[in-house]
Amino acid sequence: MAAHPDAYTVYVGTYQGEGEESLFRLRFDPASGGLEPPAVVARTARPSFLAFHPTGRYLYAVSEADGGAGGAVCAFAIPADGRGEHRLLSRRPAHGRSTCHVSVDATGRCVLVANYGGPSVALFRVRPDGGLDEAAAVFRHAGGGAHPRQSAAHPHMVRIDPTNRFVYVPDLGTDEVVAYRLDPEAGTLAAHDQSPAARAAAGSGPRHLDFHPELPYAYVVNELDSTVAAYAWDRTAGTLRELQRLSALPEGFQGESTCADIHVHPDGRYLYASNRGDDSIAVFRIDADSGRLTPAGHVSTGGRTPRNFAIDPTGAFLLVANQDSDSIAVFRIDPPHGTLTPASQLRLAKPACIRFAPDRQG
């Protein structure tokens with residue numbers, strides 16, 4: 001792993017409302033695992049998910065709204081020193097409601113959002129100043145499933161693959177991972193001729209997806225039945241073939257719980273998933289030959305409703321947003337085993353998304 005700097009910059013989106021202090025910048029000490037008090041950088045309604053331009057100069061945030069005009073996506077200019085209010089460059093309608101995820105392609109030309117309500121996926125072209133044009137493409141999802149929460153389609157993520165050619169959308173409402181073809185140079189999105197890329201178990205509710213950093217495997221966390229599925233990923237065809245599906249909950253768990261987020265460790269040996277209800281992080285070992293998972297334990301997040309979490313760039317720490325207990329919990333990752341040990345906590349109201357800022361270029 002790369003050597004760490006003296007501090008990392010971390011951004012946190014929250015479920016604060018319009019006009020409230022809702023989007024924060026923090027400094028993280030990778031030596032101690034401590035977080036400095038947060039500084040407000042913007043005030044926008046419910047910025048529940050964030051993404052950075054690859055230059056590190058612009059920040060994109062969804063506004064997860066339901067009423068009025070619905071959800072939106074905002075573009076902010078990050079000051080050269082990172083401090084102070086971040087200037088709003090554009091605010092565009094997301095063409096749906098409860099806009100819940102945003103991604104930026106590797107070239108920095110395209111921003112994509114998922115609208116849980118609506119339900120839809122939209123692509124926006126990035127202007128030279130980092131702002132966004134009006135939506136260049138909008139795709140509506142349709143269908144449903146067997147679970148009471150599957151009366152309609154619910155796109156929950158727009159995950160761009162490592163080749164920057166495919167976009168995968170776990171749809172909680174239809175039990176599918178829908179695939180699109182991305183053309184960053186043209187700034188266009190097209191339906192994949194082999195979509196859905198994968199069909200999940202009935203009533204499982206696919207929510208988020210992550211790729212192995214080197215090998216052709218992908219992993220999906222299913223919200224409704226609290227499972228994690230391993231897939232063989234065909235980099236050329238863009239398809240996913242299920243290899244395995246495991247519970248993300250501790251054996252014998254009897255309460256109500258739903259999964260939220262999933263991340264593969266940067267070294268590719270471990271996978272983590274968050275449980276809301278059990279309020280834990282599930283740890284899995286990844287077999288490098290088969291891509292299959294082996295459960296390796298659970299750790300309490302020290303709070304309630306761990307919605308999103310992030311692993312620091314060196315893979316030494318994992319930070320969790322405990323949405324309903326107003327805290328960010330920091331865990332040290334044990335390199336040989338991938339296990340988690342509490343390191344620190346910070347109070348912050350309604351945290352929803354944690355993102356490490358990339359190094360600024362230019």
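Bear in mind these aren't lab numbers, they're just calculated from the coordinates by the rules spelled out. Just so it is clear, the structure is predicted and the values come from calculations on it, not from any experiment. Every residue, glycine as well, gets a Cβ built from its backbone with ideal geometry; the counts of neighbours run over all protein chains shown.
Couple of notes before you dig in:
- A simple spin-label model places the labels of Glu18 and Ser151 2.6 nm from each other, with each point 7 Å out along Cα-to-Cβ.
- Cα lying deepest toward the dipole's positive end in the chain, options Gly130, Phe309, Ser195, charges on Cβ: Gly130
- As a rough guide to protection, the peptides 226-239, 109-122 ranked by mean Cβ packing within 10 Å, highest first, stand as 109-122, 226-239.
- Magnitude of the charge dipole for the chain, about its Cα centre and with charges confined to Cβ atoms of Lys, Arg (+1) and Asp, Glu (-1), is about 540 debye.
- Anisotropy class of region 108-245 from Cα gyration tensor, a/c 1.5 cut: oblate
- Positive-pole candidate from His212, Pro155, Thr258, dipole of the chain, charges at beta carbon: Pro155
- A straight chain from Arg285 to Ala7 at 0.36 nm per residue would run longer than the Cα-Cα distance by 97.2 nm.
- Alpha-carbon centroids, region 162-230 and region 254-331: separation in whole Å: 19 Å
- Look at where the Cα atoms of region 76-101 and of region 1-72 average out, and the two centres are 10 Å apart.
- Around Ser204: net Lys/Arg minus Asp/Glu count, Cβ-Cβ under 14 Å: -2
- In this simple spin-label approximation, Thr55 and Asp324 carry label points 7 Å from Cα along the Cα→Cβ vector, and these lie 4.2 nm apart.
- Set of region 331-362 residues, backbone N closer than 16 Å to the point 7 Å along the Cα-Cβ line of Ala31: none
- Stretchable slack from Phe253 to Asp334, in nm (0.36 nm times residue separation minus alpha-carbon distance): 26.6 nm
- Tensor-based shape of the chain (alpha-carbon gyration tensor, a/c under 1.5 rounded, otherwise prolate or oblate): rounded
- Counting 0.36 nm for each residue step from Ala191 to Arg360 and taking away their Cα separation leaves a gain of 57.5 nm.
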